[in-house]
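The values are calculated or read from the model by the stated rules, or taken from the named source; none is laboratory data. Note that the structure is a prediction, hence the values are computed from the model and not measured. Virtual Cβ from ideal backbone geometry, glycine too; neighbours counted across all protein chains shown. Note: areas computed on protein heavy atoms with side chains; ligands, DNA, RNA excluded. Shrake-Rupley method; radii C 1.70, N 1.55, O 1.52, S 1.80 Å.
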Amino acid sequence: PLAPAVRNFTLNFTITNLQFTADLQKPNSRRFKSTEKVMYHYVSLKQCPAGAQFSQCVTFFPRSGRRRDDTKVDAVCSYKDNPSLATFDREKLHQELSTMTNNVTKLGHYSLDRSSLYVDG
């Protein structure tokens, strides 16, 4: 039998209490690493069974938000597309991420823009 194909999707959200600075674009900076650690911990899709078998979010791309204290985050995540499991359901994933982030308001010690969560895939 064929091995399950790994498929990517993106996850987007805005943190409203993390001011974007140049060091957030440097993967070796202390600020990037500490922010990324929080992202990995709280956006652990292994605990979010939306039908398919999840790997993880592998890359985070912080960028400047509209307001001074906003940082937009694009995360590239993956799942295994396995015919013996349910298919990837991005609406269900969105719903479960909403629950995991307290109705899209909290990600650890970060505050989220409630209307910013988007799952593409």
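Work out how much length GLU91 to VAL76 would gain on full extension: take 0.36 nm times their residue separation and subtract the Cα-Cα distance, in nm to one decimal. Walk me through the numbers before you get to the answer.
On the way: separation 15, 0.36 × 15 = 5.40 nm, distance 1.70 nm.
Here the segment from GLU91 to VAL76 would lengthen by 3.7 nm.
To the nearest 10 Å², what's SER115's accessible area with a 1.4 Å probe?
Per-residue accessible area (SER115): approximately 100 Å².
Mind ranking 61-69, 10-18 by how tightly packed they are, going by the mean number of other C-beta atoms within 10 angstrom, highest first?
On the way: 61-69: 13.6, 10-18: 19.0.
By packing density, highest mean first, the sequence is 10-18, 61-69.
At a Förster radius of 35 Å, what calculated FRET efficiency corresponds to the Cβ-Cβ distance of ARG7 and THR105, to the nearest 0.05?
Numbers: r = 29 Å, r/R0 = 0.82.
Calculated value: 0.75.
Tally Lys and Arg at +1 and Asp and Glu at -1 over the other residues with C-beta under 11 Å from the C-beta of PHE32: what net charge comes out?
Net charge around PHE32: +3.
Report, by chain and number, residues whose modeled amide H sits under 5 Å from the one on PHE20, excluding near sequence neighbours (fewer than 5 apart, same chain).
Long-range HN contacts for PHE20: GLY65, ASP70.
When only the heavy atoms of the protein chains count and the probe is 1.4 Å, how do VAL76, VAL119 rank by accessible area, highest first?
Values: VAL76 40, VAL119 5 Å².
Ranked from most to least accessible, the order is VAL76, VAL119.
Using a cut-off of 14 Å between beta-carbons, work out the net charge of the residues near ASP81 (Lys and Arg +1, Asp and Glu -1, ASP81 not included).
On the way: positive: ARG7, LYS80, ARG90; negative: ASP89.
Combined, the nearby Lys, Arg, Asp and Glu give +2.
By the scheme Lys and Arg +1, Asp and Glu -1, what is the net charge of all other residues having a beta-carbon under 12 Å from that of PHE60?
Its environment carries a net charge of +2.
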